[in-house]
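The values are calculated or read from the model by the stated rules, or taken from the named source; none is laboratory data. As the structure is a prediction and not an experimental result, all values here were calculated from the model. With ligands, DNA and RNA removed, areas are computed over all heavy atoms of the protein, side chains included. Shrake-Rupley method; radii C 1.70, N 1.55, O 1.52, S 1.80 Å.
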Amino acid sequence: MVEHDALSATREAYDAAAPTYARLFRDTLRDSPLDRAILGAFAEAVRASGDGQVADLGCGPGPVTAYLDELGLAAFGVDASPVMIKLARQAYPDLRFDVGSMAALNIADGVLGGVLSRWSIIHTPPKELPIILAEFHRVLAPGGHLLVGFSASDDPSHPTQVFDHTVAPAYRWWPDHLAAMLRKSGLAEVARMVREPQPTDRRQFQEIQLLARKA
Ligand SMILES: C[S@@+](CC[C@H](N)C(=O)[O-])C[C@H]1O[C@@H](n2cnc3c(N)ncnc32)[C@H](O)[C@@H]1O
């Protein structure tokens, strides 16, 4: 079981932050060609491996779920924060958004063509992450793809580092360490995109988006 405390704290923090977060990140992809590129590659990979439904897990207020829909995927969003889900439903009334936990998804085994998790695993205490990776593996169909986004640790001897996220306690990961955990969960790395920190970024961390495939 994922500790109730960490998930409750994350949920409460995002409930409180949701209106501001939704306003700040509504157009998150507009100025980010790299994000659009990797999401486009993810969409093509999903289509090529059977075109099943895609879950955007930890979807926040939903703009990325909506972008997946624009790319032609059958996308829906799940988030632990009921306020985030309310805002997502208001902004994108034609799409499906469910309240739920990544550690215990209300999704049948092996039904999804894709799972997207953009900066949603960062709030999971490291010892609990294997539970969530096992859920990603469980809900994906054979050949299905995972795209996971996270902030990189900069010290391989400390594969996880706590960082000062504005909303809730968060952890960054040494990318090879996370790739090895995915492999252990049955999700083999296909590719990864590394975005170097830019002078205007508030946090000077590499951002990683790792594409993996269920055998
Ligand atoms: C940093 S925001 C990212 C939102 C969105 N994926 C994006 O790219 O803008 C993290 C989101 O993940 C959700 N989240 C964190 N841990 C979760 C969990 N265990 N289950 C479901 N949602 C979770 C939070 O409520 C929050 O909306």
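The table for this structure:
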{"item": "Among beta bridges that DSSP assigns inside the range 89-215, antiparallel share in %, nearest 5", "result": "75 percent"}
{"item": "Estimated vicinal HN-Hα couplings, Hz - the range 71-88 in sequence order (Karplus 6.51, -1.76, 1.60; Gly, Pro = x)", "result": "6, x, 8, 7, 9, 9, x, 9, 8, 6, 8, x, 6, 4, 5, 4, 5, 5"}
{"item": "Normalised per residue, the volume of the convex hull around the Cα set of the range 1-130 (Å³)", "result": "108 Å³"}
{"item": "Rounded accessible area per residue of the chain, 1.4 Å, Å²", "result": "47 Å²"}
{"item": "DSSP beta bridge pairing in the chain, given as percent antiparallel to the nearest 5", "result": "50 percent"}
{"item": "C-alpha center-to-center spacing [the range 45-65, the range 152-215] in angstrom", "result": "20 Å"}
{"item": "For the range 41-52, Karplus couplings with θ = phi - 60° (6.51, -1.76, 1.60), whole Hz, Gly/Pro x", "result": "5, 4, 4, 5, 5, 5, 4, 5, 10, x, 6, x"}
{"item": "Normalised per residue, the volume of the convex hull around the Cα set of the range 38-100 (Å³)", "result": "67 Å³"}
{"item": "³J(HN,Hα) computed for each position of the range 8-14 - Karplus, 6.51 cos²θ - 1.76 cosθ + 1.60, integer Hz, glycine/proline x", "result": "4, 5, 4, 4, 5, 5, 6"}
{"item": "Relative contact order computed over the chain (Cα-Cα under 8 Å; 6+ residues apart), in percent", "result": "19 percent"}
{"item": "Surface share of carbon and sulfur [accessible, 1.4 angstrom probe, percent] for the range 95-175", "result": "59 percent"}
